Amino acid sequence: MKERKQRIAAAFSAAAASYDSHAEAQIRTAGLLAERLPPLPAAPRVLELGCGTGILTRRLLDRLGPDADLLATDLSPAMIARSRDTLHDPRLRFAVMDAEAPTVAPAAFDLVVSSLAAQWFADLPAALDRLVGLLKPGGHLLIATLGAGTFAEWRAAHAEMGLEAGIADYPDAAELAAMAKGARVDSVPFTLTHDHARAFLSTLSSLGATTPKPGHRPLPAGALRRIMARLGGPFAITWDILILSVTKGLK
């Protein structure tokens with residue numbers, strides 16, 4: 001699993017310079033999360049996981065008060081470097097960190113928040129349990145991740161040819177809610193249109209989202225061309241956004 005994490009980090013590091021120009025889905029999802037921020041104390045401690053180039057980070061800073069402390073983290077050193085170069089705020093700190101193995105104190109945060117990073121976790125239920133453990137009593141976990149309907153059109157084009165896509169098997173809303181005690185999950189799907197399948201794949205590459213699910217072997221070039229031809233163009237692709245929220249019980 002360490003090797004897979006390294007591959008994921010390397011892919012996102014390679015995409016740090018191109019990420020923002022292809023991040024329409026990420027921008028929309030960050031907006032959805034920002035709209036759902038819970039009430040926080042006057043001087044909240046906030047942990048962001050998978051901050052990337054700072055798309056959600058900027059929205060958090062816009063909404064947090066002057067006495068907030070925001071620690072923005074990412075698995076990719078290049079993403080952290082890019083965010084550090086472009087975001088300057090006395091309330092903001094950065095760290096390279098694996099969200100599944102957090103190197104921060106437990107019960108220390110009023111809010112733990114993440115946008116479109118949890119779909120890369122190796123063990124999502126275990127990770128959610130650890131992240132709830134980082135919250136103070138009454139603190140909030142707010143995570144946007146990908147749901148089962150994500151890229152349904154791409155999966156269907158594979159299935160019609162008797163092939164399996166390299167996309168991970170994401171949970172549906174009920175499955176995700178069952179992974180964390182007291183969780184609420186909202187489903188907010190949307191579609192984005194691409195001129196053709198090659199443009200869709202180019203977008204994923206520019207975002208660094210190219211690491212296939214474990215055990216998947218790349219398709220032969222001919223099979224991939226047939227799948228892209230089947231999709232035609234322009235075509236819409238679904239992003240099935242699931243937003244999970246948990247409030248840690250007061251003791």
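The residue that is surrounded by the most Cβ atoms within 10 Å (Cβ to Cβ), among those in segment 85-98 that are out of contact with any helix residue (DSSP H, G or I) (no Cβ under 7 Å at 6 or more places or on another chain) and closer than 24 Å to A14 by Cα, is M97.
In segment 1-19, the qualifying residues are those that are outside any helix (DSSP H, G or I) and open to solvent by 70 Å² or more (accessible area, probe 1.4 Å), and the one that is modelled with the lowest pLDDT is M1.
Of all residues in segment 161-171, none satisfies being over 23 Å from D240 (Cβ atoms), open to solvent by 20 Å² or more (accessible area, probe 1.4 Å) and in contact with a Pro (Cβ under 6 Å, 6 or more places away or on another chain).
The single condition among (1) in a helix (DSSP H, G or I); (2) of a type in the set (G, A, S); (3) farther than 17 Å from A23 by Cα; (4) at pLDDT 95 or above that S245 does not satisfy is (1).
The lone criterion from (1) modelled with pLDDT of 95 or more; (2) farther than 20 Å from L56 by Cβ; (3) in contact with a helix residue (DSSP H, G or I) (Cβ under 8 Å, 6 or more places away or on another chain); (4) open to solvent by 60 Å² or more (accessible area, probe 1.4 Å) left unmet by R184 is number (2).
Taking the condition open to solvent by 50 Å² or more (accessible area, probe 1.4 Å), part of a helix (DSSP H, G or I) and touching a Ser or Thr at 6+ places or on another chain (Cβ under 8 Å), does R82 pass?
Values: open to solvent by 50 Å² or more (accessible area, probe 1.4 Å): yes; part of a helix (DSSP H, G or I): yes; touching a Ser or Thr at 6+ places or on another chain (Cβ under 8 Å): yes.
Yes.
Looking only at segment 48-79, residues that are farther than 14 Å from V96 by Cβ and either of a type in the set (D, E, K, R) or outside any loop (DSSP other than H, G, I, E, B) (or both) come to 12 in all.
Condition test on A156, is it surrounded by fewer than 19 Cβ atoms within 10 Å (Cβ to Cβ) and either in contact with a His (Cβ under 7 Å, 6 or more places away or on another chain) or under 17 Å from D169 (Cβ atoms) (or both)? So A156 fits the description; yes.
Sort out which residues of segment 119-153 are touching a residue at least 60 places away in the same chain (Cβ under 8 Å) and open to solvent by 20 Å² or more (accessible area, probe 1.4 Å), and write them in order of number. Write out each step before concluding.
Our first condition is that a residue be touching a residue at least 60 places away in the same chain (Cβ under 8 Å); within segment 119-153, this holds for 120, 122, 128, 131-132, 134-153.
Passing the criteria: W120, A122, V132, K136, P137, G138, H140, A148, G149, A152, E153.
The residues of segment 20-58 that are acidic (D, E) and buried (at least 20 other Cβ atoms within 10 Å of the Cβ) amount to a single one, E48. If the condition is being farther than 21 Å from P189 by Cβ, surrounded by fewer than 21 Cβ atoms within 10 Å (Cβ to Cβ) and either in contact with a Ser or Thr (Cβ under 9 Å, 6 or more places away or on another chain) or not basic (K, R) (or both), then segment 234-251 contributes T247, G249, L250. Only residues that are open to solvent by less than 20 Å² (accessible area, probe 1.4 Å) and within 17 Å of the chain's Cα centre (by Cα) were counted across segment 59-75, and they come to 5.
The values are calculated or read from the model by the stated rules, or taken from the named source; none is laboratory data. Predicted model, so just to flag it, every value in this text is computed and none were measured. As a convention, Cβ positions derive from the backbone with ideal geometry for all residues, glycine included, and neighbour counts pool all protein chains shown. These area figures cover heavy atoms from the full protein model, side chains too; ligands, DNA and RNA do not enter into them. Shrake-Rupley method; radii C 1.70, N 1.55, O 1.52, S 1.80 Å.
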